[in-house]
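A.B. asks: Structure below; questions to follow.
Derivation of every value follows stated rules applied to the coordinates shown; laboratory data play no part. Because the structure is predicted, anything quoted here is derived from the model rather than measured. Positions of Cβ are generated from backbone atoms using ideal geometry, with glycine treated the same way; all protein chains shown enter the neighbour counts.
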Amino acid sequence: MAKKVVIILADEFEDIELTSPKEALEEAGFETEIVGDTANAEVVGKHGEKAIVNVSIADAKPEDYDGLLIPGGFSPDHLRGDAEGRYGAFAKYFTKNDVPTFAICHGPQVLVDTDDLNGRTLTAVLNVRKDLSNAGAHVVDESVVVDNNIVTSRTPDDLDDFNREIVKQLED
């Protein structure tokens with residue numbers, strides 16, 4: 001059975017930060033599934049890309065997945081605005097249990113809510129780096145950073161490196 005990667009997503013995601021990693025994962029033989037607020041709802045990226053939520057966050061079980069992908073854009077901020085904190089709790093399962101976790105650009109914002117970044121080395125887009133530092137992470141300015149099970153990148157310019165490392169994490 002193929003490994004399955006969950007993608008947590010809300011409106012205003014950065015289109016290419018969803019489509020490029022998702023395509024890389026699927027080309028490598030992995031399944032992907034989108035989790036969001038409401039099953040079967042359409043979410044729309046900043047540039048018009050559309051995606052359908054497969055499973056609602058209320059029904060999603062993190063233990064059903066072999067990896068977590070968090071695209072950037074404004075989606076992570078919307079996810080963090082969940083009054084019940086469900087997305088941070090969902091992501092914490094992955095960070096706490098050393099399950100592969102992938103976040104690009106603004107995506108690492110969600111990881112702040114795991115309270116699990118102390119001593120970890122990460123990167124992100126410039127305006128998220130202080131949040132990561134305040135959460136206890138060691139922040140670097142590199143195209144891709146691998147810290148055990150967490151892979152982070154800065155911007156769409158880093159997608160080639162990011163995609164290579166996320167596939168490698170799941171193949172290992």
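A.B. asks: Out of 132, 68, 111, report the one residue that is among the aliphatic types (A, V, I, L, M) and free of Cβ contacts under 8 Å to residues at least 40 places away in the same chain.
C.D. replies: 132
A.B. asks: Return the total of residues in region 25-43 being assigned to a strand (DSSP E or B) and either free of Cβ contacts under 8 Å to residues at least 24 places away in the same chain or within 15 Å of residue 11 (Cβ to Cβ) (or both).
C.D. replies: The total comes to 5.
A.B. asks: Here is a follow-up. Mind listing whichever residues of region 93-113 are over 20 Å from residue 13 (Cα atoms) and β-branched (Val, Ile, Thr)?
C.D. replies: Taking region 93-113 and keeping what is over 20 Å from residue 13 (Cα atoms), we get 93-100.
Within region 93-113, 95, 99 qualify.
A.B. asks: Next question. Of all residues in region 25-56, which are buried (at least 19 other Cβ atoms within 10 Å of the Cβ) and of a type in the set (A, V, I, L, M)?
C.D. replies: Selection gives 25, 34, 35, 43, 51, 53.
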